[in-house]
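Each value in this text was obtained by applying a stated rule to the coordinates, not by laboratory testing. Since the structure is predicted, the reported quantities are computational estimates derived from the model, not experimental observations. All Cβ positions, even for glycine, are placed from backbone atoms using ideal geometry, and neighbour counts span all protein chains on display.
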Amino acid sequence: MSTVMPTFGVRQRNPISARQLPSPLPPMAAQMLARADAEAAAPYRGITVDGTPLVGLFPLRATGVSTESLRAAAQGFLADLNHAQRQTVAFPLEDAAWQRWSNIHAFTMRHGLLLEDLDSDMRDKALEVMHAALSERGFTTARDIMKLNYTIGEITQRWDEYGDWVYWLSIFGQPSLDQPWGWQMDGHHLIVNCVVVGDQLVLTPMFMGSEPTYAEAGKYAGTRVFDAEESLGLALVRSLTAKQRREAVLADSILSTAVSDRRPPAEGRVQGGALRDNLVLPYEGLPAASLAPDQQERLLELVEVYVGRMRPEHSRIKMDEVRQHLAETHFMWLGGVEEDSVFYYRIHSPVVLIEFDHLRGVALDNDEPARTHIHTVVRTPNGNDYGRDLLRQHYARFHQQAGVAS
């Protein structure tokens with residue numbers, strides 16, 4: 001599907017550093033840090049429909065899929081760091097830094113090792129840590145997001161705010177085949193949380209976005225992201241009957257459907273973003289049980305675009321999990337359904353939450369949502385973001401203590 005990309009000017013505003021916390025602390029940063037402290041201090045439940053997580057959804061088990069390549073990539077990266085770098089990149093597995101991530105470009109609570117500070121060989125090894133957990137398509141999308149963060153620097157000339165290596169890698173625990181560990185990549189429009197428990201893998205929360213979504217010129221000319229997420233979502237909603245649309249489409253415009261909890265307008269309609277780990281989000285929209293078999297396959301194809309960012313062997317396991325709960329899955333849509341429409345959609349089941357949103361400009365000066373700015377989020381509801389439910393079970397079984405799940 002071809003997409004016409006509108007061209008906008010650059011929004012005029014005071015520059016905000018992407019690499020260090022400003023002093024004095026701006027009100028926005030102070031508020032975000034306070035929210036992060038409150039979120040990390042609150043008892044963890046995960047995203048639920050009513051405040052009470054469902055149990056038994058994520059059994060601790062052997063999958064038969066080796067995670068050795070993930071361990072080797074992380075261990076290889078760590079082995080080549082000096083002492084100061086190891087101290088910077090390493091965190092205890094139970095550290096609250098897991099929850100202190102943000103998709104915005106401004107530096108607020110970044111942690112870990114800044115890729116921009118590494119030489120090219122070490123950057124490649126850092127990327128391999130991420131690559132080992134992702135599919136080729138998922139890794140390409142992640143790298144393209146980083147490249148487009150350079151493109152917005154070219155457009156705005158605000159190099160204190162943007163760049164293709166302004167991303168932080170953190171390693172939690174010690175890479176192992178039998179003990180839990182994980183890593184986090186955190187930066188503007190790209191956050192991937194990876195937890196390894198035995199041969200089980202959890203890759204949420206995962207936030208991927210971009211402004212712009214296409215590089216018309218510059219160093220990375222031709223780079224484009226989120227075509228499939230956009231076109232397959234539109235194809236699914238357009239396949240619905242009139243009766244189905246009345247249930248799935250809650251509003252025919254997203255211009256009047258911004259979030260209602262006093263978050264900044266730039267955050268759009270996404271509910272499961274940063275600092276929303278205990279979000280209560282009831283199901284909305286059309287149950288997948290009301291879809292015809294071919295429509296259900298369209299829905300699963302769309303889910304696989306997101307789940308398929310994970311390495312293939314584990315994405316198949318996750319898709320089997322999604323299929324088991326297909327009848328409980330809901331599809332919700334806000335916005336138009338024409339070829340050039342802007343929209344938001346949500347796919348929500350007991351085991352996966354997926355969101356897609358077109359937003360107004362932040363770096364660009366469009367005040368209405370456009371296809372030049374997209375956010376996507378993947379979450380694991382009912383307590384298994386950051387692999388927390390698997391970790392709870394692991395500690396209960398092997399250490400007779402609550403550990404990180406307390």
### Task
Report the calculated FRET efficiency for residue 14 and residue 224 (r = Cβ-Cβ distance, R0 = 22 Å), to the nearest 0.05.
0.15
### Message
Contact order normalised by length for the chain, with contacts defined as Cα pairs under 8 Å and 6 or more residues apart; what percent is it?
### Response
23
## Note on the structure
Applying the span-like rule to the chain (DSSP H, Cα extent along axis at least 27 Å, Kyte-Doolittle mean at least -1.0) gives 136-156
### Footprinting exposure proxy for 315, 341, 69 (fewest neighbouring C-beta atoms within 10 Å first)
69, 341, 315
### Task
Tell me, rounded to the nearest percent, the portion of alpha carbon pairs in region 321-373 spaced more than 14 Å apart.
59
## Note on the structure
Answer in debye to the nearest 20: the dipole magnitude of region 27-405 about its Cα centre, from +1 Lys/Arg and -1 Asp/Glu charges placed on Cβ, is 800
### Query
To the nearest 20 debye, what is the magnitude of the charge dipole of region 1-122 about its Cα centre, counting +1 on the Cβ of each Lys and Arg and -1 on the Cβ of each Asp and Glu?
400
### Query
Are there GluC sites (Glu not before Pro) in region 313-344 that DSSP marks as loop and that have at most 10 other Cβ atoms within 10 Å, and which are they?
338
### Query
Based on the Cβ-Cβ distance of residue 25 and residue 140, what FRET efficiency does E = 1/(1 + (r/R0)^6) give at R0 = 45 Å, to the nearest 0.05?
0.75
### Dipole of region 27-405, positive end: most advanced residue of 77, 33, 361 [Cβ charges, Cα centre]
33
#### Entry: Mean separation of Cα contacts under 8 Å (6+ apart) over length of region 1-133, as relative contact order %
35
### Task
Inverting the mean 1/r over all pairs of different Cα atoms, compute the Kirkwood radius of region 1-66 and quote it in Å.
18.1
### Query
In deg cm²/dmol and to the nearest 500, what is the mean residue ellipticity at 222 nm of the chain if only DSSP H runs of at least 4 residues count, each as -39500 (n - 2.57), divided by the residue total?
-9500 deg cm²/dmol
### Task
With a/c under 1.5 counting as rounded, go ahead and sort region 115-234 into rounded, prolate or oblate using the C-alpha gyration tensor (a ≥ b ≥ c being the square roots of the eigenvalues; past the cut-off, prolate if a/b is larger than b/c, else oblate).
oblate
